[in-house]
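All of the numbers you see were taken from the coordinates with simple rules; none came from a lab. All values reported here derive from a predicted model rather than from experimental measurement. Here the Cβ positions follow ideal geometry from the backbone for every residue, glycine too, while neighbour counts run over all protein chains shown.
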Amino acid sequence: MARIVTAVYLIFMLVAGWRLHAIGWSRPAKLATAVALILPVPLMLLIPALAHPERPFADMLRAIGIALLICGILCMVGGWSAARLRARRR
């Protein structure tokens, strides 16, 4: 189940990056939207791990949260750049 949720999250970030490129908003609005889309899932893991580092599995939660954050950013940028390259060809 955790793998499915992670895969869906990363695919969603890829699609969201693609769609954000197509929207006619200003660049700061697009970046704010990207941050608002990327942060919730990793923060659900990072906040408890940082608030209570003495609890069991806090280090694992922190590592998974950071990995999801980095992968979410990479997927968002990947979708954005793929849409940009495709728009450039047309």
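Within the shell defined by Cβ-Cβ distances under 15 Å, the residues around Thr33 carry a net charge of +3, with Lys and Arg each +1 and Asp and Glu each -1.
Annotation for region 1-70: chymotrypsin sites (Phe, Trp or Tyr not before Pro) lying in DSSP loop with at most 14 further Cβ atoms inside 10 Å of their Cβ are Trp25, Phe57. Output the DSSP H helices from the chain with an along-axis C-alpha extent of no less than 24 Å and a mean Kyte-Doolittle hydropathy no less than -0.5. Counting only whole DSSP H runs, the qualifying helices are 2-22, 58-89.
When a/c is below 1.5 the answer is rounded, else prolate if a/b is larger than b/c, else oblate, so apply that to the chain with a ≥ b ≥ c taken from the square roots of the Cα gyration tensor eigenvalues. Mind dumping the intermediate values first?
Values: a/c = 3.48, a/b = 2.21, b/c = 1.58.
Note, shape of the chain comes out prolate.
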